[in-house]
Each structure stands twice: as C-alpha cells, then as structure tokens.
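To keep things clear, I will list the structure first and then write my remarks on it.
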Amino acid sequence: MTSVTMCRTRMFGLIAVLAIIVCGSQGEVLFLETFDKGELAWTHASDEKYQGKFALEQGVVEGDRDMMIPNEAKHYGIAQKVEVDPADHDELVVQYDVKYEHGLTCSGSYLKLIKSPFSDLDKIEDGLPYSIMFGPDRCGQNNRVHFIFQYPNKVTGELQEHHMLDPPQIAGMD
C-alpha cells in the first residue's frame with residue numbers, strides 16, 4: 001500500500017525542516033528525505049488555502065540544504081508518495097526535525113501519513129483521511145505536540161481518531 005506524506009504548516013515566523021525519516025521495526029529505512037538533492041521533489045498543494053511555497057536553502061549546518069518557509073503568515077502544504085503502510089509494521093518510527101528561527105508563535109507544523117489510495121498529490125487538503133498525524137501546535141494557551149492515529153472502527157468501518165492523552169509541551173517555547 002502507498003501512503004502519502006503531507007507536510008502542512010501555517011506560520012508566523014520562519015521554519016526549517018531539516019529531515020524526514022520513516023523506519024521499520026528492524027531499523028530499515030523505509031523513507032528518507034534530507035533535502036540535499038538540490039531540488040524539492042515534492043508536490044505543492046493546489047488548494048487555494050495553501051498559497052505559500054516551500055523553498056530549498058542553505059541549511060543551518062554548512063553544506064546541508066533545508067526546506068524553508070520563506071514568507072510569514074501563509075499556509076503551506078506539500079506531498080510525496082511513500083511506500084509505507086503503518087498497518088504492515090508492529091513498530092514504525094516517523095520522525096522529522098524542525099527548527100523555528102524566531103520561535104513558534106501562533107501556528108502549527110504537522111506531518112501526516114495520508115491513507116491510500118491517493119494519486120493527485122497536488123489535491124491535498126485538511127480533510128484527507130490519514131493514518132498518523134503529528135507535530136507542534138502553539139497558539140494562545142495551546143502549546144503541545146499533536147500525535148493522532150486515525151483508523152477504521154472494526155464494526156462500523158467509520159474512521160476513529162485517537163489523540164495522545166497527555167501531549168508534551170513544545171520545548172523551549174515558554
């Protein structure tokens with residue numbers, strides 16, 4: 001089964017995504033994106049909401065390239081096909097590194113594994129069913145890292161969402 005990884009963010013400050021990695025239970029790398037290829041091999045969302053366009057720029061570590069958000073106060077969305085189905089793995093590590101250059105104000109940065117089948121990568125939008133969604137979210141009193149599973153109820157077939165009961169706060173944002 002093919003999943004789609006979607007990065008979605010709404011920013012009021014610059015952000016750098018340093019790397020995205022998905023590993024299986026035996027430590028095998030199922031997907032790795034370091035943004036060092038010189039071009040962004042992801043599909044930008046065509047939805048009117050996502051007007052921001054990610055850019056590749058010199059990274060925070062010399063010689064590295066990072067995916068950057070060049071304009072403040074815009075919504076951004078990109079997608080890429082990933083040959084990973086979370087249901088096929090007893091253990092699955094999904095990780096991404098993100099650095100906020102001016103702290104995180106009122107915004108969030110989420111990574112989603114979108115459920116298949118899904119072929120029009122530019123058609124990503126908020127309401128797509130996903131397997132896993134996680135990332136930092138901060139606005140007003142809200143200061144947490146979301147971690148949400150979505151899967152079909154075995155009896156009704158309806159999608160159910162399960163949130164982490166006690167999500168951690170975003171470190172260094174007090």
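Details
- Global form of the chain, assessed from the alpha-carbon gyration tensor, a/c cut-off 1.5: rounded
- Cross-link partners of Lys74 among aspartates and glutamates, defined as those whose alpha carbon lies under 18 angstrom from its own and excluding same-chain residues fewer than eight positions apart: Asp47, Glu48, Glu101, Asp122, Glu125, Asp126, Asp137.
- Note on the chain: with neighbouring protein chains present and a 1.4 Å probe, carbon and sulfur make up 49 percent of its accessible heavy-atom surface.
- Among the protein heavy atoms, those of Asp47 account for about 60 Å² of accessible surface (1.4 Å probe, every chain in place).
- With R₀ fixed at 30 Å, the C-beta to C-beta distance from Leu128 to Glu62 puts the FRET efficiency at about 0.20.
- Long pairs among Lys37/Lys99; Lys37/Lys115; Lys81/Lys112; Lys99/Lys123; Lys81/Lys154, criterion Cα-Cα beyond 23 Å: Lys37/Lys115; Lys99/Lys123; Lys81/Lys154
- Here the contact order of the chain, divided by its residue count and restricted to Cα pairs under 8 Å and six or more residues apart, works out to 28 percent.
- With the highest mean first, a sort of the peptides 98-107, 75-84 on other beta-carbon atoms found within 10 angstrom per residue produces 75-84, 98-107.
- Surface accessible to a 1.4 Å probe, per residue, for the residues of the chain, Å²: 54
- Among Thr34, Thr156, the order of accessible area from largest down is Thr156, Thr34, computed with a 1.4 Å probe on protein heavy atoms.
- Reported to the nearest whole Å, the Cα centre-to-centre distance from region 107-139 to region 65-88 is 9.
The values are calculated or read from the model by the stated rules, or taken from the named source; none is laboratory data. Here the structure is a predicted model, which is why all the values come from computation and not from measurement. Note that we place each Cβ from the backbone using ideal geometry, even for glycine, and neighbour counts take in every protein chain shown. Calculation scope for accessible area: heavy atoms of the full protein, side chains included, ligands and nucleic acids excluded. Shrake-Rupley method; radii C 1.70, N 1.55, O 1.52, S 1.80 Å.
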